[in-house]
Amino acid sequence: MTSSSAESSTTEVDFSSLDQWLAWRAANPRFFDDAITDSIRQWSKANGIVEPLTGRRFAPDEIDWNPDNYRESGLAGGLISRHRAALLAMSQCVPNLDRYESKIYGPEAITELAFLLRGRFAKYIGSEYASNHHVKDWLYPINSEDLTALSLASDAFDAVLTTEVLEHVPGIDRALSEIFRVLKPGGWHVGTCPFLFGQHDSIVKARLENGRLVHVTEPEWHGNPMSEEGSLVFELPGWDVLARAKAIGFSRAFWRLIQSAYHGIASNTCGGVFVLCLQK
């Protein structure tokens, strides 16, 4: 998929390999101009933005941008740039989502994104990870799930939405295998995570060996509403994650790059937000 709409100021391009990405980047240098990226903030501050799932419009004074980090800002209604990118990709990959019948799983339950999905879809199930039984008891009645060993039924969900989760699981392949298992045939995983878009190989930063945590590189932690110390990064995906997903059984695997003034989606590093799209 390659599209650009002047009316909605949205550009979307799908890439299935590093070579495709490098060729497109070389042919479209203007896309990465800082002035172009900043124009998204300026446009939204003049016109507002539209949240892509529900169509809710936010006025300019309801939007908060950090020019140093567009991907993690553009806060409006509790959602930021990368959230809106994931929601836009999900609404496109699964265009016939039904408010009462569609089944969606997300490994987050106490975030603004989860609140939106739970309010929008009757059969949305969100969960949090519990590191021990004390956390699990505290979470109850919120579901506690391990993305590498889900308790959910097989072939059940129309979509699985993950945002900044895959890098924190001790085994992306195991997580993707579980996501594949719980998706209906033809269902989609859509999600964001830190992506090494300039290289083929993923970087393993930590692993579990016989239940023991082993740090391969200097430990890296990201913010987590469930933990004051944050969440440890186990792996940063590169382009090889697409072949790994195909080996698991996904019929389609690509990264979708999205830049949109209309929806308030941008990033300082690559102009837009990369969304991992996998179809069972």
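The values are calculated or read from the model by the stated rules, or taken from the named source; none is laboratory data. Owing to the predicted nature of the structure, the values given are computational and were not obtained by experimental measurement. Every residue, glycine among them, receives a Cβ derived from its backbone with ideal geometry; neighbour counts consider all protein chains shown. The accessibility values were calculated without ligands, DNA or RNA, using every heavy atom of the protein model including side chains. Shrake-Rupley method; radii C 1.70, N 1.55, O 1.52, S 1.80 Å.
The listed residues are S16, S73, S9, and the only one of them that is at positive phi, in contact with a strand residue (DSSP E or B) (Cβ under 7 Å, 6 or more places away or on another chain) and among the small types (G, A, S) turns out to be S9. Taken together, the residues in the stretch 176-221 that are open to solvent by 40 Å² or more (accessible area, probe 1.4 Å), in contact with a helix residue (DSSP H, G or I) (Cβ under 7 Å, 6 or more places away or on another chain) and farther than 20 Å from I125 by Cα amount to 3. Among the residues making up the stretch 231-245, a single one is more than 15 Å from F197 (Cβ to Cβ) and of a type in the set (F, W, Y): F234.
Looking across the stretch 50-78, just one residue is loosely packed, with under 14 Cβ neighbours inside 10 Å and of a type in the set (S, T, Y), and that is T54. One residue stands out among those in the stretch 112-159 that are part of a strand (DSSP E or B) and in contact with a Lys or Arg (Cβ under 7 Å, 6 or more places away or on another chain): the one that is surrounded by the fewest Cβ atoms within 10 Å (Cβ to Cβ), which is K123. The numbered conditions (1) within 30 Å of Q42 (Cβ to Cβ); (2) part of a strand (DSSP E or B) are all true for A253 except (1).
Annotation note: Cβ proximity below 9 Å between a residue of the stretch 105-129 that is farther than 17 Å from E51 by Cβ and a residue that is assigned to a helix (DSSP H, G or I) and of a type in the set (K, R) (sequence gap 6+ or interchain) occurs for A109/R118; I125/R118; G126/R118. Among the conditions (1) touching a Cys at 6+ places or on another chain (Cβ under 7 Å); (2) more than 22 Å from S131 (Cα to Cα), L166 misses just one, which is (2). In summary, R57 fulfils each of the numbered conditions (1) at pLDDT 95 or above; (2) farther than 27 Å from P95 by Cβ; (3) not small (G, A, S) with the single exception of condition (2).
What about A253, is it closer than 27 Å to S16 by Cβ and loosely packed, with under 14 Cβ neighbours inside 10 Å? Answer is no for this residue. Cβ contacts < 7 Å: first residue under 19 Å from G272 (Cβ atoms), restricted to the stretch 41-69; second residue in a helix (DSSP H, G or I) and of a type in the set (S, T, Y), any location; separation 6+ or different chain. Result? Listed by first residue and then by second, the contacts come to P52/S91; L53/S91; I63/S44. Filtered by the rule that a residue be part of a helix (DSSP H, G or I) and either touching a Ser or Thr at 6+ places or on another chain (Cβ under 9 Å) or surrounded by 15 or more Cβ atoms within 10 Å (Cβ to Cβ) (or both), the stretch 16-31 gives L18, Q20, W21, W24, R25, F31.
For G238, the requirement of being on the phi > 0 side of the Ramachandran plot and open to solvent by less than 40 Å² (accessible area, probe 1.4 Å) is not met. Among the residues of the stretch 33-49, is there at least one that is surrounded by 14 or more Cβ atoms within 10 Å (Cβ to Cβ), in contact with an Asp or Glu (Cβ under 8 Å, 6 or more places away or on another chain) and under 30 Å from I110 (Cβ atoms)? Within the stretch 33-49, one or more residues are surrounded by 14 or more Cβ atoms within 10 Å (Cβ to Cβ), in contact with an Asp or Glu (Cβ under 8 Å, 6 or more places away or on another chain) and under 30 Å from I110 (Cβ atoms).
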